[in-house]
Amino acid sequence: IRSVYDMGFFVDVQVDREDTAQGIVLTFIVEERPSVKEVLFEGNDKVDKDDIKDAIDIKPFSILNYDKIHRNIEKIRNMYVEKGYYLAEVDFELRQAEQNQVVIVFKINEHAKIEVKKIVLLGNEKIADKDLIDLMVTKPGDIFSFITGSGQFRSEYLERDAYIIA
């Protein structure tokens, strides 16, 4: 039973035993997991659907696997974080299709991009704010932010800046 269940193709595995004149007859009764008919995305305006499809590893005609769905939700979230959308939320919905098939719909709520508007330093008495900000990679946004990338919040930059200042 364990070996059949560990194959990952079945939701439930049971064995029926029948004693006959020829010996014991075992019948395996299985409930198959549905297969994935299609993978869809809803709510993605800032990241292209084809880029998301390339990043995930759930493909049509594969067997439904909830662990894989949750790993792919994290992959999609990470794509949004890389683009500055730290508040993006990703969830999924299963829609029944025909003949033991499902459609996986990743539902994305992008929210607003996080931007640095102003940097405030506290406690520095010997070094001017401007000198410290000049050492930092994180910069506040301005009217040229769309060209220079300034004002874009990135957690790894903030960690580096904190290390340099400390």
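The values are calculated or read from the model by the stated rules, or taken from the named source; none is laboratory data. Predicted model only: the values in this text are computed from it and were never measured. Glycine gets a Cβ as well: all are built from the backbone with ideal geometry, and neighbour counts include every protein chain shown. Ligands, DNA and RNA are stripped out before the accessible areas are found, and what is left, the full protein with its side chains, is counted by its heavy atoms. Shrake-Rupley method; radii C 1.70, N 1.55, O 1.52, S 1.80 Å.
The set of residues in region 132-166 being open to solvent by less than 50 Å² (accessible area, probe 1.4 Å), in a helix (DSSP H, G or I) and within 16 Å of Lys113 (Cα to Cα) consists of Ser145, Ser155.
Screening region 28-51 for residues that are β-branched (Val, Ile, Thr) and at pLDDT below 95 and picking the one that is most open to solvent (accessible area, probe 1.4 Å) gives Ile29.
The set of residues in region 5-27 being within 14 Å of Ile63 (Cβ to Cβ) and open to solvent by less than 70 Å² (accessible area, probe 1.4 Å) consists of Gly8, Phe10, Val11. Looking across region 8-28, the residues that are of a type in the set (Gly, Ala, Ser) and free of Cβ contacts under 8 Å to residues at least 12 places away in the same chain come down to Ala21, Gly23. Being in contact with an Asp or Glu (Cβ under 9 Å, 6 or more places away or on another chain) and open to solvent by 90 Å² or more (accessible area, probe 1.4 Å), is that true of even one residue in region 108-131? Yes: region 108-131 contains one or more residues that are in contact with an Asp or Glu (Cβ under 9 Å, 6 or more places away or on another chain) and open to solvent by 90 Å² or more (accessible area, probe 1.4 Å).
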